[in-house]
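Encoded as structure tokens, the structure appears first; notes follow it.
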Ligand code: SF4
């Protein structure tokens, strides 16, 4: 592809991304992170806990957790055996307990007990990868440092033709090039809301989707909707899932 063709393709994609962002803004103007929190510490802890779980489940766990450990200094002194029963329902609770305590101790030792507000410092904390750091920076600290790419953002970005990548880090890089920095946090929230409410993984509601005029996948999926709805769910894994070590 020549430089000129590449530039014009990028310009077209940028225009498509701008239209999609505008429609998402009209459709989900108030989209926000759905993990209950009052500050950056609570959002960071809740996001670590939410790996392999749902926001709804985590919201049932965190009130008791934050009552007992109201700040990083309190959590840093916790022992896994006393923390684990509080977070048991979130799954992979042993690894998550280690991550939470490790995160809190690092925040106390390296940052005086205050959640740091840079990507570099956040991703160096135990249990914190780029996605979690983006959630905290964007939704608790008001900084557009990147785009949260979870399963919904990845799926919708592909369906909407914004990326052909499958690796979340590469998807994020492409979205950052297509969208103005000021929109990074909001667009991610809106894509997540759209993915949870309309563009579901197995049964996207293309017929009622306001993005359909801008979606290259919509007509294909709609034409095959009957087929999609008859799709059998993926077989349940019988082998015990290996706990994910480390970061979300
Ligand atoms: S038209 Fe269909 S595939 Fe495209 S964003 Fe909407 S629901 Fe998803």
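Just so you know, all these numbers are worked out from the coordinates, no wet-lab data involved. Because the structure is a prediction, the values reported are computed rather than measured. For neighbour counting, all protein chains shown are included, and Cβ atoms are generated from backbone atoms with ideal geometry for every residue, glycine included.
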query: Among 120, 42, 174, whose mean-square fluctuation peaks in a Gaussian network model of the chain (Cα, cutoff 10 Å)?
result: 120
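For 66, 88, which order do you get if you count the other beta carbons within 10 Å of each Cβ and list the fewest first?
Starting with the residue having the fewest Cβ neighbours, the order is 88, 66.
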message: I need the Debye-formula profile for region 87-195: one equal scatterer per C-alpha, no solvent, reported as log10 I(q)/I(0) at q = 0.19, 0.22, 0.24 1/Å, two decimals.
response: -0.99, -1.14, -1.22
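With all distinct Cα pairs included, what does the Kirkwood hydrodynamic radius of region 40-139 come out to in Å, to one decimal, could you say?
Hydrodynamic radius (Kirkwood, Cα pairs) of region 40-139 is 13.1 Å.
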query: Using every alpha carbon pair in the chain, what percent of pairs falls into each 5 Å bin from 0 up to the bin containing the largest distance?
result: 1, 6, 12, 16, 16, 15, 12, 10, 6, 3, 1, 0, 0
GNM top mover of 194, 152, 111 - the chain, alpha-carbon springs below 10 Å: 111
field: GNM result for the chain, Cα springs below 10 Å: residue of 112, 195, 218 fluctuating most strongly
entry: 112
- line: The rounded separation in angstrom of the Cα centers of region 157-226 and region 25-77 is 25 Å
- line: Relative to the chain, whose Cα atoms define the longest principal axis, helix 168-178 and its Cα axis are tilted in degrees, nearest 10, by 60 degrees
